[in-house]
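The values are calculated or read from the model by the stated rules, or taken from the named source; none is laboratory data. This is a predicted model, so every value here is computed, not measured. Glycine also receives a Cβ, built like all others from the backbone with ideal geometry; neighbour counts cover every protein chain displayed.
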Amino acid sequence: MTDLLVALNTRPLLCDGAMGTQLMDCGLGSGDCGMLWNTLHSNRVRGIHQFYAEAGCNLLTTNTFGGTSYALDRHGLADHVLKLNRAGAQVAREAIGKSGWVLGDVGPFGDFMEPLGQTSADELCAMFREQIAALAEGGVDAILIETMSDPAEMEVAIAASKQAASLPIIGTYAFQKSGETGFRTMMGAPVKEAIERAIAAGADIVGTNCGVELSFGDYLELARQIVSAAGKTPVILQPNAGSPQLVNGEIIYNATPEEMAALTADLLDAGVRIVGGCCGTNPGHLAAMSRRIG
Ligand SMILES: [Zn+2]
């Protein structure tokens, strides 16, 4: 398998789409621990990965978003970090083999760092290091640190990744609109600061995933700002399937595959090198996006 960063120099790549909603479609109850399925129902997790691989995705994201001991502790699984992260990596690898890259997924630990919260940077670094070492042991090709809103937490996670493994690091934030043309993370960090701090900490690829009520026009403008802030560092964009609508008390993302494909073309034109999907995206969206990437 070519090194991810080398491959990116020659062509844009397609990442996969949402995992959580796909797990729920397969029977995961809300409030249940989806990561437990990496061992309990690995065939179902593998099946979702395979749908994305068949849709043309080059990069599969492991089902390990809440995989720190801190996040797993909410399900009483704090001592299952190694087992569940390693299994998550192995299941994704089985689905794509050597024909694509597996990204070890690392989400926010789920609380505030000191001084707002009780967790010190050193404690947090140790938790991320434990998770990332397990993902590396399971055979991932890169680490994806995603949905971050605090650049300080991003910096800790990147440092932990460098200590735990020598793998490429992708760092993405979730942004919301702030004013007419500005975007900030939920912790208030503007695009330029957030992206520059991730790169300075050692991220090899930077960008955004998810987002709060962003339109397709917003994602495109956000992409331009990130590409500008990132300089020579490649950019990844993983938008939601449109802006969420509340229908009968349920949150619905209703962008069509064709609309996601059109956005993909615009994002590539704006200089984005990896496109994928976040909330509400499914293999149907990704197949249409794959045809557009070519
Ligand atoms: Zn999302």
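Here are the numbers for the structure shown:
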read-out: In region 17-36, the residues that are in contact with a helix residue (DSSP H, G or I) (Cβ under 8 Å, 6 or more places away or on another chain) and within 16 Å of the ligand (Cβ to nearest atom); value: Gly17, Met19, Gly20, Gln22, Leu23, Ser30, Gly34
read-out: Any chance Phe51 is in contact (Cβ under 8 Å) with a residue 12 or more places away in the chain and either touching a strand residue (DSSP E or B) at 6+ places or on another chain (Cβ under 8 Å) or surrounded by fewer than 16 Cβ atoms within 10 Å (Cβ to Cβ) (or both); value: no
read-out: Hits in region 114-150 (condition: surrounded by fewer than 22 Cβ atoms within 10 Å (Cβ to Cβ) and assigned to a helix (DSSP H, G or I)); value: Ala121, Asp122, Glu123, Cys125, Ala126, Arg129, Glu130, Ala133, Ala136, Glu137
read-out: Only one of Ala223, Ala241, Ala203, Ala194 that is in contact with a His (Cβ under 7 Å, 6 or more places away or on another chain) and surrounded by 21 or more Cβ atoms within 10 Å (Cβ to Cβ); value: Ala241
read-out: Any hit, region 117-135, residues being touching a Gly at 6+ places or on another chain (Cβ under 8 Å), within 16 Å of the ligand (Cβ to nearest atom) and within 23 Å of Cys278 (Cα to Cα); value: no
read-out: Complete set of residues in region 169-187 that are at pLDDT 95 or above and either surrounded by 21 or more Cβ atoms within 10 Å (Cβ to Cβ) or of a type in the set (Gly, Ala, Ser) (or both); value: Ile169, Ile170, Gly171, Thr172, Tyr173, Ala174, Phe175, Phe183, Thr185
read-out: Checklist (1) under 20 Å from Gly100 (Cα atoms); (2) part of a strand (DSSP E or B); (3) among the hydrophobic types (A, V, I, L, M, F, W, C) applied to Leu167, failing item; value: (2)
read-out: Conditions (1) crowded, with 19+ Cβ neighbours inside 10 Å; (2) not in a loop (DSSP other than H, G, I, E, B): number failed by Ala7; value: (1)
read-out: Spans of helices (runs of 4 or more DSSP H) in region 13-107 with at least 2 residues within 21 Å of Glu123 (Cα to Cα); value: 69-72, 81-96
read-out: The listed residue being farther than 14 Å from Ala18 by Cα and either at pLDDT below 95 or in contact with a Lys or Arg (Cβ under 6 Å, 6 or more places away or on another chain) (or both), out of Ile252, Ile274, Ile293; value: Ile293
read-out: Given (1) β-branched (Val, Ile, Thr); (2) more than 16 Å from the ligand (Cβ to nearest atom); (3) touching a residue at least 60 places away in the same chain (Cβ under 8 Å), number of the condition Thr147 does not satisfy; value: (2)
read-out: Criterion (within 16 Å of the ligand (Cβ to nearest atom), of a type in the set (Val, Ile, Thr) and modelled with pLDDT of 95 or more) met by exactly one of Thr39, Thr68, Thr64; value: Thr64
